[in-house]
2 protein chains.
Amino acid sequence: MTDYAAGAAYMDGAYMPVAECRIPVLDWGFLRSDATYDVAHTWQGRFFRLDEHLDRFERNIARLRYSIPYDRDAIEEILHGCVARADLQDAFVEMLVTRGIPQGRDPRTATNRFAVFAVPFVWILRPERHDDDGLNVIISSIERIRAQAVDPTVKNYHWLDLVRGLFEAYERGGETAVLIDSRGNVLEGPGFNLFVIRDGVAATPAAGVLEGVTRQTAIELLERRGVRLELRDVHADELRGADEAVATSTAGGVMPIASVDGRRLPGGEIGPRLLADYWAAHADDVWATPVRYTQPAGAR
Amino acid sequence: MTDYAAGAAYMDGAYMPVAECRIPVLDWGFLRSDATYDVAHTWQGRFFRLDEHLDRFERNIARLRYSIPYDRDAIEEILHGCVARADLQDAFVEMLVTRGIPQGRDPRTATNRFAVFAVPFVWILRPERHDDDGLNVIISSIERIRAQAVDPTVKNYHWLDLVRGLFEAYERGGETAVLIDSRGNVLEGPGFNLFVIRDGVAATPAAGVLEGVTRQTAIELLERRGVRLELRDVHADELRGADEAVATSTAGGVMPIASVDGRRLPGGEIGPRLLADYWAAHADDVWATPVRYTQPAGAR
């Protein structure tokens, strides 16, 4: 029996344990970070908003001019196949396409590579820290890569700015960072979008960020509750002076922010309610796709 | 016999054919492009300015807070080992460090990974096109990633802006692109620095670019010839209106630029002389390190 306990992957036509899934060093997905990806999750055996992730993934494949010999049904089958092999109820499921290895230096000559891996669910903030605690963030001095260079709505692996932000956070006593733009507005952190709440009004950066599926879910859930929400520039001082703030990510869902630059946020009702609504939404059949744990005979 | 014809690599303590050198998909070097690298070359069996590449590589490892269990002698031995196994006279030799696989999402917990590969020499512009021709470049509308986000002097794989530039070049009838900053100055292209020459004076961007070893060599060779050189902002209109321009890269050395945005540059004497000086400099023993083709018995 193949050991899928640490996770299952699919690449180049075959399933394998995630530890055996390796990208050729000459693939531009590594040498140029010339790749796009998406991350869905399963919770209690069901994918959450899988169609939104697949829509975005297919759109980004086209925008970066990749082409893969897998249609949407085939991609979806492989996502199920990885979760089923890893036998996970709560999974972090990443699908990706790399440029591949061109002849010479012309990316048009490369055969693009498609891969998927499913591993146990990832938490940016562990749930035992949700109730009386939250993320301790610092507002970094580092700018997020600008959309004029790399479009943040095309989900990509250009994270050195975010990793620098993490190290800055550790030095300043935080655990994660929010990066800024050139005018001092906050944008996003390593893997999460940001919502700032003050006097009952929520705001989230309108541009320069990944349009996360969890961000979109939070927008819809706030609207359902009748919370006023503004998509606009959000200055760093607004985060520092917020009543409440939350981070949103597939890797952990809606996560309260406890402190900003060492100052504890006063807190309020909107964040905790959004967190509860987010997990309650996982019971909504409209947003759920049951994992096909029993794979058809002869499945690739 | 192991077949090293396509190139030789070293990773995780062992030599292997380059096609077998693969990065684990979970390594942040892939998932976060959290890596640095350097590229040296050998020409006629000798490394060119190897010390400069090693100085920069070691400095960048420290700046990104990586730590590897290889001192400078060990790194150098592995560079020689890869070139010797691939039995190459003219080689492109890339050394790299990745973050590795952290526990959870804290990069400080990862064991960093070191790898090297040597492949046949890479030409951005083939030498048969040096004499009466040159690169046909377009000035892209895309900005290079800013130093406020990712420091370009720390050599890195964040190339999606440059790859977008390549596709823009193909659409506009060029073969490569020069990216700009937010004020319309030219910065660098996919793997090369840029020198613009007008009325006998050369200029190259002072900041916002990789401080390439070939760029530094060109600076020194121009000084030796008594050519006035300015390190400063270089506006795109200066490239469009240049008498001559050259690209510099380890992957091809000094390369003439034939046209900019479809307009042929008039040409001159400084570029061709610099190209000749660059290859002549490879005979200088001060800058050359003979490859140790005979490896010691028991070499790793």
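Taking the Cβ of B:A203 as the center, what net charge do the other residues with Cβ under 13 Å away carry, scoring Lys and Arg +1 and Asp and Glu -1? Please list the in-between numbers first.
Numbers: positive: B:R198, B:R215, B:R228, B:R232; negative: B:D199, B:E230, B:D233, B:D237, B:E238, B:D243, B:E244.
So the environment of B:A203 carries a net charge of -3.
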Open item on the list: With the cut-off at 1.5 for a/c, could you classify the range A:154-300 from its C-alpha gyration tensor as rounded, prolate or oblate?
Closed with: oblate
Task: Cβ-placed point charges (K, R +1; D, E -1), dipole of chain B about Cα centre in debye, nearest 20 - done: 720 debye
Task: Positive dipole terminus of chain B, leading residue within B:M11, B:I138, B:N112 (C-beta point charges) - done: B:N112
Task: Listed peptides A:50-60, B:41-51 by packing density, highest first (mean Cβ within 10 Å) - done: B:41-51, A:50-60
TODO: Within a 10 angstrom radius of each residue's Cβ in A:6-19, how many Cβ atoms of other chains show up on average? Whole number is fine.
DONE: 1
Open item on the list: Between A:G134, A:G189, A:G253, where does the largest GNM mean-square fluctuation fall for chain A, given springs only between Cα atoms within less than 10 Å?
Closed with: A:G134
- [ ] In a Gaussian network model over chain A where Cα atoms closer than 10 Å are linked, find which of A:A110, A:A40, A:A84 has the largest mean-square fluctuation.
- [x] A:A110
Open item on the list: Taking amide H atoms as placed 1.01 Å from N in the peptide plane, list the residues 5 or more away in sequence, or in a different chain, whose amide H sits under 5 Å from that of A:L194.
Closed with: A:T248
Task: Environment charge of B:R105, counting only residues whose C-beta is closer than 13 Å and scoring Lys/Arg +1, Asp/Glu -1 - done: +1
Task: Most fluctuating residue given options A:A202, A:A149, A:A288, as computed from a GNM of chain A linking Cα atoms under 10 Å - done: A:A149
- [ ] Pull up all non-local amide H partners of B:R22: gap of 5 or more, or a different chain, and H-to-H distance under 5 Å with H placed in the peptide plane.
- [x] A:V25
- [ ] Would you mind calculating the gained length between A:R225 and A:Q89 on full extension (0.36 nm times residue separation, minus the Cα-Cα distance), in nm to one decimal?
- [x] 46.0 nm
Task: Per-residue average of Cβ from other chains inside 10 Å of B:138-145 - done: 3
- [ ] Measure off 7 Å from each Cα along the Cα-to-Cβ vector at B:T153 and B:D284, then give the distance between these two points in nanometres to one decimal.
- [x] 2.2 nm
TODO: Could you compute the FRET efficiency for A:Q103 and B:V201, with r as their C-beta to C-beta distance and R0 at 56 Å, rounded to 0.05?
DONE: 0.90
TODO: Rounded, prolate or oblate: pick one for the protein assembly as shown, where a ≥ b ≥ c are the square roots of the eigenvalues of its C-alpha gyration tensor, a/c under 1.5 means rounded, and failing that, prolate if a/b is larger than b/c, else oblate.
DONE: prolate
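Let a ≥ b ≥ c be the square roots of the eigenvalues of the Cα gyration tensor of the range B:13-157; is it rounded (a/c under 1.5), or, if not, prolate (a/b larger than b/c) or oblate?
The shape class here is oblate.
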Open item on the list: Are there any chymotrypsin sites (Phe, Trp or Tyr not before Pro) in the range B:211-300 that are in a DSSP loop and have at most 14 other Cβ atoms within 10 Å? List them by number.
Closed with: B:Y293
Task: Under 5 Å, built H, 5+ apart or other chain: amide partners of B:K155 - done: B:Y37
Task: Cα centroid separation - the range B:67-135 against the range A:171-211, whole Å - done: 36 Å
TODO: Return the distance in nm (one decimal) between the two label points of a simple spin-label model at B:S141 and B:D261, each offset 7 Å from Cα along Cα→Cβ.
DONE: 1.3 nm
Open item on the list: Using a 7 Å offset from Cα along the direction of the beta-carbon, what are the separations from A:G200 to the same position in each other copy, nm, ascending?
Closed with: 7.6
- [ ] Express in whole angstrom the spacing between the alpha-carbon centres of the range A:19-39 and the range B:233-300.
- [x] 30 Å
- [ ] Would you mind giving the mean number of other chain beta-carbons within 10 Å of the Cβ of each residue in B:105-115, as a whole number?
- [x] 2
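Read the figures in this text as sums done on the coordinates, not as results from a lab. Given the structure is predicted, the values throughout are model-derived calculations rather than measurements. Positions of Cβ are generated from backbone atoms using ideal geometry, with glycine treated the same way; all protein chains shown enter the neighbour counts.
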